[in-house]
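Report on the following structure.
What follows is calculated from the coordinates using simple rules that are stated; it is not laboratory data. Values in this document were obtained by computation on a predicted structure and should not be read as measured data. Because the Cβ atoms are built from the backbone with ideal geometry, glycine has one as well, and the counts that use them run over all protein chains shown.
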Ligand SMILES: Nc1ncnc2c1ncn2[C@@H]1O[C@H](COP(=O)(O)OP(=O)(O)O)[C@@H](O)[C@H]1O
Ligand SMILES: [Mg+2]
């Protein structure tokens, strides 16, 4: 079982440590998701006035859209301590009970990938969320005894890429359920400009916009591309990033003008050429291109669906005419 009290400024691996320095701390700094932010301002303001905890909140949407960031923002705005755990690391009811029993009044418990916690663990969550108690069973069979342990009021924030995988009793216990939307080019441009200030390598507006256009509508990808472009600029002794060096590095990174990378291209080309545009099952497709099913389903497909390049049908995945046009593959030549 892995969990830790997160210091928002300290972390281990490169991507996540950069994530933490890049993360906005306040709702005002958090770009986009305006409707959600406006609602949150009200819920947070009201909870603080009443001196209560915020209602439990479920955030869902594709990876990299700012779910974890928003959880930190909420903890900052609520002036509450946040504890972060990963769904898959909570294996047994006892693991969760141990985490819950260390929460202080008003703390926020953030469970990432909450759809991956086992059902037996979920059952510990229900009374914890509803009545702030946990029921602990000791002994077995006829010797089994149940104790109830009172918890201080806390807020659970769950994040998931697959809300459909949550059981409905769990979903129903969240008072606030919000989907994060993909970002517009303007919003992503703002995010890249902000990142360039944090990293102290300025970027021209047109170059920032170019990165935004190729970021699959996703802040994490915009930040990642910015960092790679910055490497190219620094290596070639540029003191700032202009459109020229930006386009040159994007070409080297094999990112196409609408942000498709090598895996997207492989996915679509295999679907169009080898499987004649489908329908083909995801499993078959995944093994044909040597990618993990989960990765395709949760990372790649949401954006291909958003672009309208694929359809998910009951018989499998299908390429659309739009995909054929983008790759200039002849629809009738196979
Ligand atoms: N609304 C936003 N404004 C500014 N930066 C953002 C925003 N959303 C995400 N980011 C940045 O994108 C990266 C990924 O966000 P994260 O919260 O980890 O996404 P998720 O948890 O949904 O996978 C982080 O570096 C974060 O700073
Ligand atoms: Mg996250």
Could you give the C-alpha radius of gyration of region 225-264 expressed as a fraction of 2.2 N^0.38 Å, taking N as the number of residues it contains? 1.16
Which whole-number percentage describes the relative contact order of region 262-326, with Cα contacts under 8 Å and a sequence gap of 6 or more? 37 percent
How would you rank 59-69, 86-96, highest first, on the average number of other Cβ atoms within 10 Å across their residues? 59-69, 86-96
Can you compute the radius of gyration and Dmax for region 238-301, using only the Cα atoms, both in Å? 15.4, 50
Counting pairs of alpha carbon atoms under 8 Å apart in space and at least six apart in sequence, what relative contact order in percent does the chain give? 15 percent
What helix-only [θ] at 222 nm does the chain give? Using -39500 (n - 2.57) per DSSP H run of at least 4, over all residues, to the nearest 500, the answer is -12500 deg cm²/dmol
Tell me, what is the percent relative contact order of region 130-284, built from C-alpha pairs under 8 Å that lie six or more residues apart? 15 percent
I need the peptides 275-288, 178-191 ranked by packing, meaning the mean over residues of other C-beta atoms within 10 angstrom, with the highest value on top. 178-191, 275-288
In region 3-179, how does Rg compare with the Kirkwood Rh, expressed as the Rg/Rh ratio over alpha carbon atoms? 0.97
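When the convex hull of the C-alpha atoms of region 185-252 is computed, what volume per residue in Å³ does it have?
Here the figure is 66 Å³ per residue.
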Semi-axes in Å, largest first, for region 209-334 (Cα gyration tensor, √(5λ)) are 31, 15, 12
Between residue 328 and residue 248, Cβ-based FRET efficiency (R0 25 Å, step 0.05) works out to 0.55
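Round to the nearest 0.05 the FRET efficiency obtained for residue 179 and residue 240 when R0 = 35 Å and r is the Cβ-Cβ distance.
My answer for the efficiency is 0.45.
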Paramagnetic reach from residue 52 (point 7 Å along Cα→Cβ, amide N under 15 Å) across region 171-195: 174-176
Let me know the shape class of the chain, please: from the alpha-carbon gyration tensor, a ≥ b ≥ c as square roots of the eigenvalues, rounded when a/c is under 1.5, otherwise prolate if a/b is greater than b/c, or oblate. oblate
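Using a Förster distance of 41 angstrom, determine the FRET efficiency expected from the C-beta separation of residue 297 and residue 200, and round it to 0.05.
0.60
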